[in-house]
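Below is one structure, written out as structure tokens, with a few remarks after it.
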Amino acid sequence: MNDHYPIYTLKSECVDCYKCVRQCPVKAIRIENGHASVIPEKCIACGHCVLICPSEAKKIRNDINRARAVLTAKKRVFVSLAPSWAGFWNCGSEKLITALKKLGFEGVSETALGAQEVSIEVTKLLSKRENQIHISSACPAIVDYVRLYMPEYAKFITPVGSPAMTHAKLLKKRYGDDIGVVFIGPCIAKKNEADRTPELIDVSLTFKEAAQWMAQEGINPDETEIPAEENEIKFVPKKAYEGAYYPIEGGMNKTIRLSGCAKDIQLVSVSSVTAFRDSLENLKPENVDRPIFIEALACAGGCANGPCKDESKPGIITMSDILRTVKLRDDIPSEPEVVVDKEFEPHPQNTKKYTPEEIAEAMASIGKHGIEDELNCGGCGYDTCRQLAEALLSGDAEPSMCVSYMRKLAIRKASAMLRSMPSAIVMADANLNIIETNEAFVRMFAPDLLEIFKDRPEGLAGGALDRVVPFTDLFKRTLKSGKDIHKERYPVDKNLYDIAVFEIERNKIVGAVITDVTQTEMKRGQIARKAHEVIEKNIATVQNIACLLGEHMVDTELLLSQIAQGYEETPPEDEQEFK
């Protein structure tokens, strides 16, 4: 478990399903001993694995104690509250502000104020038309995706800090550089952003962490009473306006247009990492003949659908609740109050290139010896068998992840066991058609079909069981009742069989293990006869001994009495010495 990275895995809860591998857009998952763990240097903290993990083994780093430490260390600490708060809490802004201030915060401010500053600055950058392609810097997960996996596009990210970073700078300008800033929102990637810019954001909490913190302190925003001495509870230093559109897909573009962006500049909205990747596939920026700004968000539908949203609330209601808080202002400044200049340097993944021989060897380890063996089924989590082979070589995967390989391996092992068992084995379906048998079964009950059994890969599969054995009534009873049946020394013709019939799948598949005990029973009979003969002889001998003992009983008793008396009169030498 990596406590330092925002996302980690509780390995004891990981159920070996590979769903996180399958759905991670960047395959930042390593499988070791069947357990999945996040690879920090590859992860973009989009949080999708947290949402889809069926066993809830993927966890988010809890930073409540870090936030408490900031409150202790700094005299004044302000909350930077993401505009999607209205989609998580239903209590209204006044009660929420009051509840957060009860935790010890000096004031609560809307991150949307920073978003407004970003939109004004981006509008200015677009008017310069220095590039034809522009990618928004608002989403830290998208920024990391570009830096790590599409580094050639890093130069097109607008050189402006995110709304949270800009808002933090705005608060420090207004209240002093010594204040603390704790961001609260629906995003996990903001934890990375806060970790990288501690001079602006001290800690980043999710909405769920904030709710948990308040619950720990016995604070319920819905039931919070506003103090009588407070005339007006409001966001500081002022209320946000169009910036509150940001959590909704297309919201940033709407604010840019409201800020006076030229109409000939195309504003495109793309949400989800996969959609963003696909939108840039095969793009050659030098061939783009029109200015395009891409509002890129890692979460489908925007931040309102972030990984730490309220899952119990319908998405459309969440977005509606957010939009209800938006108030437009009459005049938007042409110059931003603050700007965070931020260059986003590419940081490409050093993906090792493997030789064809190395790939072939890795493929062979999962039973892929030719193109015809490459199913590309995706069961392992990777799109193709070759991608899995590369992950095996890089140490991020295990051969056991290949479902088809493990199935074939299991079949081979099972077949080897069936072949080597001296007892007869047979499995049949509900119609008593043979599914599987071993050679011992054929030799025992259908020796004339032995050559056919050996020549056909499927053996006797599909054949009618009642044409091979005469005791199918046992199979029928087990299929009907689901109870196992064990018959010892079951007679069939001149032979005796030990038969164990058992259920494999309820009312569908039945199996049996059959052992020929004819010779064993014959030997037992011979032994029994010999035993009777010996017993009879022993009885006769005992009877003779009894007669002899009876004739000499008096003489024997007299002799033993004399010997005993002799021992009583003369003690042993060693006993005399001790006296």
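Residue by residue through the range 386-404, note down the ones that are of a type in the set (Ser, Thr, Tyr) and under 18 Å from the mean Cα position of the chain (by Cα). Spell out the reasoning first.
Applying the first criterion (of a type in the set (Ser, Thr, Tyr)) to the range 386-404 yields 394, 400, 404.
Residue satisfying the conditions is SER400 alone.
Which numbered condition in (1) in a helix (DSSP H, G or I); (2) open to solvent by 50 Å² or more (accessible area, probe 1.4 Å); (3) under 21 Å from PRO40 (Cα atoms) is the only one that GLN212 fails?
All conditions pass for GLN212, except number (3).
Residues of the range 290-318 being within 30 Å of ALA262 (Cβ to Cβ), open to solvent by 50 Å² or more (accessible area, probe 1.4 Å) and under 38 Å from the mean Cα position of the chain (by Cα), which ones?
Looking only at the range 290-318, we keep the residues that are within 30 Å of ALA262 (Cβ to Cβ), and these are 290-304.
Among the residues that remain, those that are also open to solvent by 50 Å² or more (accessible area, probe 1.4 Å) are: 290, 300, 303.
Passing the criteria: ALA300, CYS303.
Of the conditions (1) within 30 Å of PRO40 (Cβ to Cβ); (2) crowded, with 17+ Cβ neighbours inside 10 Å, ALA240 fails just one. Which one is it?
Among (1) within 30 Å of PRO40 (Cβ to Cβ); (2) crowded, with 17+ Cβ neighbours inside 10 Å, ALA240 violates only (1).
Can you name every residue in the range 69-85 that is open to solvent by 10 Å² or more (accessible area, probe 1.4 Å) and either in contact (Cβ under 8 Å) with a residue 60 or more places away in the chain or touching a His at 6+ places or on another chain (Cβ under 7 Å) (or both)?
Step one: list which residues in the range 69-85 are open to solvent by 10 Å² or more (accessible area, probe 1.4 Å), which gives 69-76, 83, 85.
Once the filter is applied, which keeps residues that are open to solvent by 10 Å² or more (accessible area, probe 1.4 Å) and either in contact (Cβ under 8 Å) with a residue 60 or more places away in the chain or touching a His at 6+ places or on another chain (Cβ under 7 Å) (or both), the range 69-85 yields VAL70, LEU71, ALA73, LYS74, LYS75, ARG76, PRO83, TRP85.
Take ARG277 and tell me if it is farther than 25 Å from GLU41 by Cα, open to solvent by 40 Å² or more (accessible area, probe 1.4 Å) and of a type in the set (Lys, Arg). So that I can check it myself, show each step before the final result.
Numbers: farther than 25 Å from GLU41 by Cα: no; open to solvent by 40 Å² or more (accessible area, probe 1.4 Å): yes; of a type in the set (Lys, Arg): yes.
Judged against the criteria, ARG277 is not a match.
List, please: which pairs have Cβ atoms under 8 Å, are six or more places apart or on different chains, and start with a residue in the range 405-420 that is within 24 Å of CYS380 (Cβ to Cβ) and in contact (Cβ under 8 Å) with a residue 12 or more places away in the chain and end with one that is of a type outside the set (Phe, Trp, Tyr) and in a helix (DSSP H, G or I)?
Taking only residues 6 or more apart or on different chains, the pairs are TYR405/PRO399.
State yes or no: is THR123 assigned to a helix (DSSP H, G or I), of a type in the set (S, T, N, Q) and under 28 Å from ALA211 (Cα atoms)? Walk me through it before giving the result.
Numbers: assigned to a helix (DSSP H, G or I): yes; of a type in the set (S, T, N, Q): yes; under 28 Å from ALA211 (Cα atoms): no.
So THR123 does not fit the description; no.
In the range 448-474, what residues are out of contact with any Lys or Arg (no Cβ under 8 Å at 6 or more places or on another chain) and assigned to a helix (DSSP H, G or I)?
Selection gives ASP448, LEU449, GLU451, ILE452, PHE453, LYS454, ASP455, LEU465, ASP466, ARG467, THR472, ASP473.
Return the only residue of GLU199, GLU209 being in contact with a helix residue (DSSP H, G or I) (Cβ under 7 Å, 6 or more places away or on another chain) and either without any contact (Cβ under 8 Å) to a residue 12 or more places away in the chain or closer than 30 Å to ARG147 by Cα (or both).
Within the list GLU199, GLU209, the selection yields GLU209.
Restricting attention to the range 475-494, which residues are outside any loop (DSSP other than H, G, I, E, B) and within 20 Å of THR518 (Cα to Cα)? Full working, then the answer.
Initial filter on the range 475-494 (outside any loop (DSSP other than H, G, I, E, B)): 475-481, 485-492.
Across the range 475-494, the qualifying residues are ILE485, HIS486, LYS487, GLU488, ARG489, TYR490, PRO491, VAL492.
Counting residues that are charged (D, E, K, R) and closer than 17 Å to THR206 by Cα, which strands (runs of 3 or more DSSP E) fully inside the range 1-60 reach at least 1?
Numbers: elements: 7-9, 29-32, 35-38, 58-60.
Ranges flagged: 58-60.
Pick out the one residue from VAL21, VAL38, VAL77, VAL26 that is closer than 29 Å to GLY114 by Cα and aliphatic (A, V, I, L, M).
Numbers: VAL21 fails: closer than 29 Å to GLY114 by Cα; VAL38 fails: closer than 29 Å to GLY114 by Cα; VAL26 fails: closer than 29 Å to GLY114 by Cα.
Being closer than 29 Å to GLY114 by Cα and aliphatic (A, V, I, L, M) holds for just one of VAL21, VAL38, VAL77, VAL26, which is VAL77.
Mind telling me which of the residues GLY378, GLY367 ends up being within 28 Å of CYS43 (Cα to Cα), part of a loop (DSSP other than H, G, I, E, B) and either of a type in the set (Lys, Arg) or open to solvent by less than 40 Å² (accessible area, probe 1.4 Å) (or both)? Let's see the steps before the verdict.
On the way: GLY367 fails: within 28 Å of CYS43 (Cα to Cα).
Sole residue among the options that is within 28 Å of CYS43 (Cα to Cα), part of a loop (DSSP other than H, G, I, E, B) and either of a type in the set (Lys, Arg) or open to solvent by less than 40 Å² (accessible area, probe 1.4 Å) (or both): GLY378.
Answer with yes or no whether GLU56 is open to solvent by 10 Å² or more (accessible area, probe 1.4 Å) and within 31 Å of the chain's Cα centre (by Cα).
Numbers: open to solvent by 10 Å² or more (accessible area, probe 1.4 Å): yes; within 31 Å of the chain's Cα centre (by Cα): yes.
Yes; evaluated as a whole, the condition is true for this residue.
The values are calculated or read from the model by the stated rules, or taken from the named source; none is laboratory data. Everything quoted here is computed from the prediction, not taken from an experiment. Note that we place each Cβ from the backbone using ideal geometry, even for glycine, and neighbour counts take in every protein chain shown. We work out accessible area using only protein heavy atoms, side chains counted, and drop any ligands, DNA or RNA first. Shrake-Rupley method; radii C 1.70, N 1.55, O 1.52, S 1.80 Å.
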